[in-house]
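Please read the structure below before turning to the comments.
The values are calculated or read from the model by the stated rules, or taken from the named source; none is laboratory data. Since the structure is predicted, the reported quantities are computational estimates derived from the model, not experimental observations. Here Cβ is always computed from backbone atoms with ideal geometry, including for glycine, and neighbour counts include all displayed protein chains. Each accessible area value is taken on the protein alone, full model and side chains, heavy atoms only, with ligands, DNA and RNA left out. Shrake-Rupley method; radii C 1.70, N 1.55, O 1.52, S 1.80 Å.
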Amino acid sequence: MSQTTLLAQIGRRDAKPPLRPDLEAMKTRQRAVWASGDYAMIGVTLQIVGEQLCEAIDLRAAECVLDVAAGNGNASLAAARRFARVTATDYVESLLESGRRRALAEGLPMECRVADAEALPFDDACFDVVLSTFGVMFTPNQEQAAREMLRVTRPGGRIGLANWTPDGFVGAIFKTIGRHVPPPVGQQSPALWGTEPRIVELFGPAAADIRVTRRQFMFRYASPDHWIAQFETYYGPMLKAFEALNAPGRAALRADIAELLARSNRGGADSLVIPGDYLEVVIEKH
């Protein structure tokens, strides 16, 4: 789907200039990646991160909250449990539908809207809190995504982020994949969002305060083979990486991932427990 078509569908109030062709193509590929597999099967295991982020940002009942690149709604649901007025957005409709089903099952009010993180269909300064957990960090145009988050946040409002770090386990996974299936030329590393200097670069001029805390999410699976099977089946970036390789290439990638899992595992011979470092960010807007 073109950017123009997407903007028309979601009713953007004032369309920004078109993306450069290379970023437009990158966005199209990314949307296909995240729509593949079933990210909800992986995303639901990360729920604790959304809960912790809502506490870190000191969320209040009745605050108006936007979840950007919400996936299947972890941060959205955490905010709704705290009686906030929540809008979840993502550019993959099937992921939003998963979040909608979760909200219905728990009896939580939550609006869901298909939206591009780089062209949010909302007026300026209309949210008290804007959140994103392992979502907005994957946008092709990082500067534009940060500008949009700031634009829709009211003065004195807060932005809360959870971003994988480049030197943690997930960063190592993406580096391992990249040795077998190189990322597109010109793509900025999503893991830059997991570094304090990049956060300051993106948000600092508009921020009254920025607080960053390094945290860990514990990946808990039955075994290394179980982890690989789950991610190869359900996690779009890994599924597409395996699809891009021939049989020897897939075997080599699987072996390298297995070696990383064995090196990182704290769970012993009968389980898998691996800490995944991420940066928790709380930004107060001027």
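Among the listed residues Ala269, Ala252, Ala208, Ala191, which satisfies the condition of being in a helix (DSSP H, G or I), on the phi < 0 side of the Ramachandran plot and over 17 Å from the mean Cα position of the chain (by Cα)?
Numbers: Ala269 fails: in a helix (DSSP H, G or I); Ala208 fails: in a helix (DSSP H, G or I); Ala191 fails: over 17 Å from the mean Cα position of the chain (by Cα).
Answer to the check: Ala252.
Provide a single number: the residues in the range 118-134 that are in a loop (DSSP other than H, G, I, E, B) and open to solvent by less than 10 Å² (accessible area, probe 1.4 Å).
Qualifying residue count for the region: 2.
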Practice item. Look through the range 197-220, keep the residues that are in contact with a Gly (Cβ under 8 Å, 6 or more places away or on another chain) and open to solvent by less than 40 Å² (accessible area, probe 1.4 Å), and return whichever of them is farthest from Asn265 (Cα to Cα). Key: Phe217
Exercise for review: Mind listing whichever residues of the range 94-111 are small (Gly, Ala, Ser), within 19 Å of the chain's Cα centre (by Cα) and open to solvent by 50 Å² or more (accessible area, probe 1.4 Å)?
Suggested key: Ser94
Point to revise | Condition broken by Arg85, with the remaining ones in (1) of a type outside the set (S, T, N, Q); (2) surrounded by fewer than 24 Cβ atoms within 10 Å (Cβ to Cβ); (3) under 19 Å from Phe134 (Cα atoms) satisfied | key: (3)
Review point. Quick check: anything in the range 88-101 in a strand (DSSP E or B), hydrophobic (A, V, I, L, M, F, W, C), in contact with a Leu (Cβ under 8 Å, 6 or more places away or on another chain) and closer than 26 Å to Arg214 by Cβ?
Key: no
Point to revise | Residue identified as open to solvent by less than 10 Å² (accessible area, probe 1.4 Å), outside any helix (DSSP H, G or I) and either in contact with a Cys (Cβ under 6 Å, 6 or more places away or on another chain) or of a type in the set (A, V, I, L, M) (or both) among Val65, Val49 | key: Val65
**Study point:** the range 146-160, subset within 18 Å of Glu280 (Cβ to Cβ) and not basic (Lys, Arg), residue farthest from the chain's Cα centre (by Cα)
**Key:** Gly157
